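The values are calculated or read from the model by the stated rules, or taken from the named source; none is laboratory data. Every value quoted in this text rests on a predicted model; they were computed, and no experiment measured them. A quick note on method: Cβ atoms are made from the backbone with ideal geometry, for glycine too, and the neighbour counts reach across all protein chains shown.
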Amino acid sequence: MRAFNFSAGPAMLPEEVMRKAQAEFLDWKNTGMSVMEVSHRSKEFMALAHKMEADLREVMHIPDNYKVLFVHGGASLQFTAIPMNLTQEGDTVDYINTGVWSEKAIKEASRYVNVNEVATSETAIPNFDEMTFSKDAKYIHICQNETITGVEYQSLPKTDKIIVADFSSTILSRPINVSDYGVIYAGAQKNIGPAGLAIVIVREDLIGNARSDTPTLMNWQTYNDNESMFNTPSTYAWYLASLVFEWIKDQGGVEKMAEINQRKANKLYELVDASDFYYNEIEPSVRSWMNVTFKLKNPELDTLFLEESKKAGLLSLKGHKVYGGMRASIYNAMPEAGIDALVSFMKDFEEKHA
Ligand code: PMP
């Protein structure tokens, strides 16, 4: 029996996907080989790659003037690739800082460009009206969902500038309007598939302007010109991502995912808000649907909470060390039964220890 795994990433994958991968582990599509033993240039694997992109385009309604790149190096390498592909030395860019992942992006970009940190907040999204964007900013960078505290944008600043957004922990969780962004990027290991793959969705006119010293494998043009196969891609991660995109389609798309995700998150927030035992520090209007953080009013009970939840088959609820408390990461693959089990465990725990 599989546990309910609330890890922030790598995270739970849909059971149907895991079973399909298991069934075809030794012999993929009657090739007599595992998909991970097949050449990435074989016609079978190329067909997988094309279908994977088509399915992602379909579920995210990606317009034709956007390219989809499957890249190496996780979301973190894009922290560097973004300024290298979008700016020249001496340029200015704007970053909104909403926590640890924003800070990491800022730190990396600061090595290459003048970064203007337009606003900072850890437990809310700063008020757009109070931000002063640089007149000549090449782009505005946001972290759409801060995985550690659980803060998620519900709207975007009104601007004619290019918005570049880190979607690592919220991609595919709800419908978005891709055209609102110049670049959307995400590591795979939360809502896409296993680690080892990252996705960049980029408006086509933003490709081809990289600095001359950009490493080949960080230049978006390289991926665009070579169907993301300039060198050997992480084929097994691609394969599992392709199964996850098919699974999302079968579930009714991101529209259906959103309905379920909102309901799942609300069950937890409602419990926490109604309790004198647990609390959540995030401004309610921007609470994440994917990473629900909560703290125990008595932190001396944290260890016991984690021990007992683990015994109940509810795993990885410990919050990130920089923020503390608890965190339930409830990506698309977390079944609603996992939320119900957690809610019931939390109520029992409160009853016993309040
Ligand atoms: N951005 C966000 C919002 C994240 O949550 C993470 C991973 N937890 C990253 C970036 C870094 O991703 P990767 O490990 O794929 O580089």
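Would you mention how many residues in the range 156-170 are more than 15 Å from the ligand (Cβ to nearest atom) and crowded, with 23+ Cβ neighbours inside 10 Å?
To start, the set of residues in the range 156-170 that are more than 15 Å from the ligand (Cβ to nearest atom) comprises 156-163.
From what's left, crowded, with 23+ Cβ neighbours inside 10 Å: none.
Looking only at that region, the number is 0.
Going through M60, M46 one at a time, which residue ends up being more than 16 Å from the ligand (Cβ to nearest atom), within 17 Å of the chain's Cα centre (by Cα) and more than 17 Å from G196 (Cα to Cα)?
Values: M46 fails: within 17 Å of the chain's Cα centre (by Cα).
The match here is M60.
If I go through the range 137-155 residue by residue, how many of them are touching an Asp or Glu at 6+ places or on another chain (Cβ under 8 Å), more than 16 Å from the ligand (Cβ to nearest atom) and in a loop (DSSP other than H, G, I, E, B)?
3
Based on what the data block shows, is E283 exposed (fewer than 13 other Cβ atoms within 10 Å of the Cβ), free of Cβ contacts under 8 Å to residues at least 40 places away in the same chain and out of contact with any Asp or Glu (no Cβ under 9 Å at 6 or more places or on another chain)?
Numbers: exposed (fewer than 13 other Cβ atoms within 10 Å of the Cβ): yes; free of Cβ contacts under 8 Å to residues at least 40 places away in the same chain: no; out of contact with any Asp or Glu (no Cβ under 9 Å at 6 or more places or on another chain): yes.
No; evaluated as a whole, the condition is false for this residue.
Only one of L268, L301 is surrounded by fewer than 18 Cβ atoms within 10 Å (Cβ to Cβ), of a type outside the set (D, E, K, R) and not assigned by TED's automatic domain parsing to the domain that holds T147. Can you tell me which? Give the steps one after another, and end with the answer.
Working: L268 fails: surrounded by fewer than 18 Cβ atoms within 10 Å (Cβ to Cβ).
On inspection, the qualifying residue turns out to be L301.
Taking E204, is it more than 16 Å from the ligand (Cβ to nearest atom), touching a strand residue (DSSP E or B) at 6+ places or on another chain (Cβ under 7 Å) and within 26 Å of G73 (Cα to Cα)? So that I can check it myself, show each step before the final result.
Details: more than 16 Å from the ligand (Cβ to nearest atom): yes; touching a strand residue (DSSP E or B) at 6+ places or on another chain (Cβ under 7 Å): yes; within 26 Å of G73 (Cα to Cα): yes.
It is true that E204 is more than 16 Å from the ligand (Cβ to nearest atom), touching a strand residue (DSSP E or B) at 6+ places or on another chain (Cβ under 7 Å) and within 26 Å of G73 (Cα to Cα).
Looking at the range 171-195, which of its residues are farther than 16 Å from S7 by Cβ and near the ligand (Cβ under 9 Å from one of its atoms)?
Answer for the range 171-195, where residues must be farther than 16 Å from S7 by Cβ and near the ligand (Cβ under 9 Å from one of its atoms): Y185, A186.
Which pairs turn up if I take residues in the range 186-203 that are more than 22 Å from S102 (Cβ to Cβ) and look for partners that are within 11 Å of the ligand (Cβ to nearest atom) and part of a strand (DSSP E or B) with beta carbon separation below 9 Å, at least 6 apart in sequence or on another chain?
Listed by first residue and then by second, the contacts come to L197/V71; L197/G187.
Report the residue count in the range 326-349 for those that are assigned to a strand (DSSP E or B) and of a type outside the set (K, R). Walk me through it before giving the result.
Let us first name the residues in the range 326-349 that are assigned to a strand (DSSP E or B), namely 326-329.
Filter again for of a type outside the set (K, R), leaving 326, 328-329.
Going through the range 326-349 one residue at a time, the tally reaches 3.
Within the group I163, I176, I148, which residue is touching a strand residue (DSSP E or B) at 6+ places or on another chain (Cβ under 9 Å) and either without any contact (Cβ under 8 Å) to a residue 60 or more places away in the chain or outside the structural domain of L56 (by TED's automatic domain parsing) (or both)? Give the derivation first.
Details: I176 fails: either without any contact (Cβ under 8 Å) to a residue 60 or more places away in the chain or outside the structural domain of L56 (by TED's automatic domain parsing) (or both); I148 fails: either without any contact (Cβ under 8 Å) to a residue 60 or more places away in the chain or outside the structural domain of L56 (by TED's automatic domain parsing) (or both).
The conditions single out I163.
From the list V100, V115, V68, which residue is touching a helix residue (DSSP H, G or I) at 6+ places or on another chain (Cβ under 6 Å) and under 22 Å from G9 (Cβ atoms)? Spell out how you get there, then give the answer.
On the way: V100 fails: touching a helix residue (DSSP H, G or I) at 6+ places or on another chain (Cβ under 6 Å); V115 fails: under 22 Å from G9 (Cβ atoms).
Answer to the selection: V68.
Quick check on my filter: what residues within the range 312-325 are more than 24 Å from G193 (Cα to Cα) and either in a strand (DSSP E or B) or not aliphatic (A, V, I, L, M) (or both)?
Applying the first criterion (more than 24 Å from G193 (Cα to Cα)) to the range 312-325 yields 312, 321-325.
Residues satisfying the conditions are K321, Y323, G324, G325.
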